[in-house]
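Input: a single structure, listed below in structure tokens.
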Amino acid sequence: MKIIEKIIDMQDVMKIEKETGKKIGFVPTMGFLHEGHQTLLKEARDNNDIVVLSIFVNPLQFGPNEDFDAYPRDILRDEQIAKNMGVDYLFYPSVDEMYKDEKTTIIKVEKRVDVLCGKHRPGHFDGVATVVMKLFQIVTPHKAYFGMKDAQQVAVIDGLINDYHLPIELVRVETVREEDGLAKSSRNVYLNESEREKAPKLFQALCLGRDKLADGEKAIHEVKKGMEEFIALQTGAKVEYVEIYAYPTLEELTSPIREGKFNIIIALAVKFSKARLIDNIVFSYNKGE
Ligand code: PAF
């Protein structure tokens, strides 16, 4: 595995690899790799000639009161994981390398950001879209891999690729779950024993909502209410939001839900004593046509 810190060097090696017809799979991350990242890397390894992993904690996507400085970093451990997963190139630029020139443009995300987590983190997705656009220009991958645990981020990247006609296939990788259904997350360690036992109920609540819609419930507010009550009763945790939108447009669905065939996302954020957990499911809805 080759570690590359300079943009120009990364562009040079990618040019050479592509000239010899190699297919490039790209996994952008902020490092501190966990099982979710490893699933993305495995998918990329299985389906491309060359795998590029980037590790860059992007200051642009952190708000003034967020944890940019405290964000966990462990490059030596990450390097080892990357090697084990068969990564060919690890792109590891400094903040200065990525943002050394004063910016003359920044990508402003106009849609899909005023809901879910974007509502609570103004400017976050502008920072994500800007850095991902830069990384795409540097790595020029054929395929880019993103985890559906961050479904809103995936929706934003989908918009970016379409708006700018980028010749990149967006590969959405399913959320990795524990055996009992709890979505894997570094934040699960903040759950105490009794909370950990109850936390799988979140996934059950998502399935409950999906099944109600599949069974013909047309009132979105009824589905949300049923889920909120289920979570409150089964976990005692505080529901921050339960939302249902069309996916990936993240357009509001009004009641009664429209007829047709489209994808739906049900997403939730719930606060336990120390952990704020998010989860979602995306599924195909097909009614009435
Ligand atoms: O999901 C992440 O780790 C980051 O938001 C990303 C896509 C690497 C951009 O900094």
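The values are calculated or read from the model by the stated rules, or taken from the named source; none is laboratory data. The model shown is predicted, which means the values in this text are computed figures rather than measured ones. Here Cβ is always computed from backbone atoms with ideal geometry, including for glycine, and neighbour counts include all displayed protein chains. For accessibility, only protein heavy atoms count, side chains too; no ligands or nucleic acids. Shrake-Rupley method; radii C 1.70, N 1.55, O 1.52, S 1.80 Å.
Miscellaneous remarks
- Taken per residue, the accessible surface of the chain reaches 52 Å², heavy atoms only and a 1.4 Å probe.
- For Lys111, the aspartates and glutamates whose Cα comes closer than 17 Å to its Cα, not counting residues fewer than 8 places off in the same chain, are Asp126, Asp150, Asp158, Asp163, Glu243, Glu251, Glu252.
- Percent carbon-and-sulfur accessible area, the chain, ignoring ligands, DNA and RNA, probe 1.4 Å: 48
- Amide H to amide H, with H built 1.01 Å from N, Lys184 comes under 5 Å of Val176, Arg177, Glu178, counting only residues 5 or more places away or on other chains.
- Around the amide H of Gly147, modelled in the peptide plane, lie the amide H atoms of Val173, all under 5 Å away and 5 or more residues distant in sequence or on another chain.
- Database remark: amide H of Ser54 closer than 5 angstrom to the amide H of Val27, Thr29, Phe91 (H placed geometrically; neighbours at sequence offset of 5 or more, or on other chains; Pro and chain starts carry no H).
- Derived scalar couplings between HN and Hα for the stretch 198-209 equal 8, 4, x, 4, 5, 5, 4, 5, 4, 5, 4, x Hz in order, rounded to whole Hz, by the Karplus curve 6.51 cos²θ - 1.76 cosθ + 1.60 (θ = phi - 60°), x for Gly and Pro.
- The separation of the stretch 180-198 from the stretch 36-81, counted between C-alpha centres, amounts to 22 Å.
- Using θ = phi - 60° and Karplus 6.51 cos²θ - 1.76 cosθ + 1.60, couplings along the stretch 253-267 (whole Hz; Gly, Pro as x): 9, 8, 9, x, 4, 5, 7, x, 10, 7, 8, 10, 10, 10, 10
- Using a Gaussian network model of the chain in which every pair of alpha carbons under 10 angstrom is joined by a spring, one finds that among Ser54, Ser273, Ser185 the greatest mean-square fluctuation is at Ser273.
- Inter-probe distance in nm under a simple model that places probes 7 Å from Cα toward Cβ, at Lys42 and Tyr99: 3.5
- Gaussian network model of the chain, Cα within-10 Å springs - most flexible of Asp150, Asp96, Asp67: Asp96
- Which of Met1, Gly31, Gly21, positive extreme of dipole for the stretch 1-48 (C-beta unit charges): Gly21
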